[in-house]
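Student: Attaching a single structure in structure tokens format; questions to follow.
Read-outs: derived from the displayed coordinates by stated rules, not from any lab. The structure displayed is predicted, hence computed values, not measured ones. When we count neighbours, we look across all protein chains shown, and the Cβ atoms used for this are built from the backbone with ideal geometry, even at glycine.
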Amino acid sequence: MSGILYLVPTPIGNLGDISPRMAEALAQADFIAAEDTRVSVKLLNHLGIKKPMVSYYRHNTSTSGPAILERLLAGESCALVTDAGTPAISDPGEELVALCAQAGVEVVSIPGPCALVAALAASGQPTGRFTFEGFLAMNKKNRRRHLESLRGEERTMIFYEAPHKLPATLADLAETFGPDRPVSLCRELTKLHEEIIRTTLGEAAERYQTEPPKGEFVLVVRGAEPREEPEATLEDGLDRVRALREEEGLSLRDAVKRAAKELGLSRNELYRLAVED
Ligand code: SAM
């Protein structure tokens, strides 16, 4: 019987966010796979846990992943942690989870700290529909393509960014979505200097051109205003009925039924008009 891969989130700044379930998963796993063992050992020391560790980071996933899978298949259980936050979210883990899923190894996700969720919830932007965009690429062409694909996006958009790249990213976002677009800059979440700056992309870009940003940021950008679809009139309905009758040979009743459905019109009103046409 194979073991279980536990995805164990770790605090994004505040050790008070360690939950009993996270600590239990770390204490009970046979071994821990960590993005940076030097970072994770501090957390383990804080919890008084001693465990064998292996490293699993961005540049060794293709060798370390199969080695971890082999141990899981042999019956060991593994707790995967990253430097901060939820594994597999803009952090190593995605490929390992896919490997486990393919091999039929159980994956248990322990809910916990995740910067994007904390930021969105407190952003003041609409939360009903959102899209997580992670980090924008450094490569100019890929970055442009990514931003272009979001130009008409109506959902709230969430981006991660490193402080030294923040000024350039804000300038690119302001250029793509316009300087008046609302943004919430969620900074140093769960830490001493936690702050949510609710402003516009233009103002934020200007501010950080002169003031070097400090700390970690999540950007929550308001989506585009929904486009108003022009409402169809009964005249449009009549045109469509005529076309359906001529081109598809539909009966008056069937043509009215189709046209009314396609254009969101009242079938009775359209029929009344169409019989007199
Ligand atoms: N897996 C992590 C998670 O669940 O949030 C994200 C890891 S990603 C490599 C790191 C990015 O997350 C940072 O560049 C920043 O955008 C965001 N982040 C992490 N901790 C944060 C915090 N305390 N406050 C604001 N943003 C944070």
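Student: For region 4-109, list log₁₀ I(q)/I(0) at each q in 0.18 Å⁻¹, using the Debye formula over Cα point scatterers of equal strength and ignoring solvent, two decimals each.
Tutor: -0.78
Student: Separate question: Relative to the Cα centre, what is the charge dipole magnitude of the chain, using +1 at the beta carbon of each Lys and Arg, -1 at the beta carbon of each Asp and Glu, and rounding to the nearest 20 debye? List each step's numbers first, then the result.
Tutor: Values: 33 positive and 42 negative charges, 132 e Å.
The dipole magnitude comes to about 640 debye.
Student: In addition: Based on the mean of other beta carbon atoms within 10 Å per residue, what is the order of 185-198, 77-90, most packed first? Show your work: numbers first, answer last.
Tutor: Numbers: 185-198: 16.2, 77-90: 22.7.
Per-residue mean Cβ counts within 10 Å order the peptides as 77-90, 185-198.
Student: Could you give me the ³J(HN,Hα) list for region 102-118, computed from phi with Karplus coefficients 6.51, -1.76, 1.60 and θ = phi - 60°, whole Hz, x at Gly and Pro?
Tutor: Couplings: 5, 8, x, 8, 5, 10, 10, 9, 8, x, x, x, 8, 4, 5, 6, 4 Hz.
Student: Using modelled backbone amide H atoms (1.01 Å from N, in-plane), which distant-in-sequence or interchain residues come within less than 5 Å of residue 109's amide H?
Tutor: 7
Student: Moving to a separate point now. Can you list the HN-Hα couplings for region 41-58, worked out from phi with the Karplus curve (6.51, -1.76, 1.60; θ = phi - 60°), rounded to whole Hz and with x for Gly and Pro?
Tutor: Listing the rounded values in order: 5, 5, 5, 5, 4, 4, 8, x, 10, 10, 8, x, 10, 10, 9, 9, 9, 2 Hz.
Student: Return a whole-number percent for the relative contact order of region 234-276, with Cα pairs under 8 Å and 6 or more residues apart as the contact set.
Tutor: Relative contact order for region 234-276 comes out at 43 percent.
Student: Taking the Cα centre of each part, how many Å lie between region 57-85 and region 220-269?
Tutor: 55 Å
Student: Also, I was wondering about something else. Divide the volume of the convex hull of the Cα atoms of region 165-277 by its number of residues and quote the answer in cubic angstrom per residue.
Tutor: Details: hull volume 18.2 nm³, N = 113.
Each residue corresponds to 161 Å³ of Cα convex hull volume.
Student: Please give me the summed charge of the neighbours of residue 240: other residues whose Cβ is under 9 Å from its Cβ, Lys and Arg +1, Asp and Glu -1.
Tutor: -1
Student: Could you tell me the largest-minus-smallest coordinate of the C-alpha atoms of region 234-276 on each of the three principal axes, in descending order and whole angstroms?
Tutor: 22, 21, 15
Student: Moving on to the next point. Going by amide H atoms built from the backbone, whose H comes under 5 Å of the H on residue 36, apart from near neighbours?
Tutor: 83
Student: In addition: Run through the DSSP bridge list for the chain and note the antiparallel percent, rounded to the nearest 5.
Tutor: DSSP beta bridges in the chain are roughly 50 percent antiparallel.
Student: Still on this structure: For residue 91, list long-range residues whose amide hydrogen, built 1.01 Å from N in the peptide plane, is under 5 Å from its own amide hydrogen.
Tutor: Excluding prolines and chain starts, which carry no amide H, there are no hits.
Student: Using the Karplus equation 6.51 cos²θ - 1.76 cosθ + 1.60 (θ = phi - 60°), what ³J(HN,Hα) coupling, rounded to whole Hz, does each residue of region 72-89 give in order, writing x for Gly and Pro?
Tutor: Each residue's phi maps through the Karplus curve to give 5, 5, 7, x, 7, 10, 10, 9, 9, 10, 10, 5, 7, x, 8, x, 6, 10 Hz.
Student: Over region 1-141, what is the relative contact order in percent, taking alpha-carbon pairs closer than 8 angstrom and at least six residues apart?
Tutor: Working: 226 pairs, mean separation 51.9, N = 141.
Result for region 1-141 is 37 percent.
Student: Once Rh for the chain is found with the Kirkwood sum over Cα pairs, what is the Stokes-Einstein diffusion coefficient at 4 °C and 1.567 mPa s, in µm²/s?
Tutor: In µm²/s, the coefficient rounds to 58.
Student: Same structure again: Give me the net charge for the shell around residue 211: Cβ to Cβ below 14 angstrom, other residues only, Lys and Arg +1, Asp and Glu -1.
Tutor: Summing Lys and Arg as +1 and Asp and Glu as -1 gives 0.
Student: As I understand it, the dipole of region 116-266 uses +1 on the Cβ of Lys and Arg and -1 on the Cβ of Asp and Glu, about the Cα centre. Which of 249, 156, 224 lies farthest toward its positive end?
Tutor: Of 249, 156, 224, it is 156.
Student: So for the chain, averaging the separation of alpha carbon pairs under 8 Å that are six or more residues apart and normalising by length, what relative contact order in percent results?
Tutor: 17 percent
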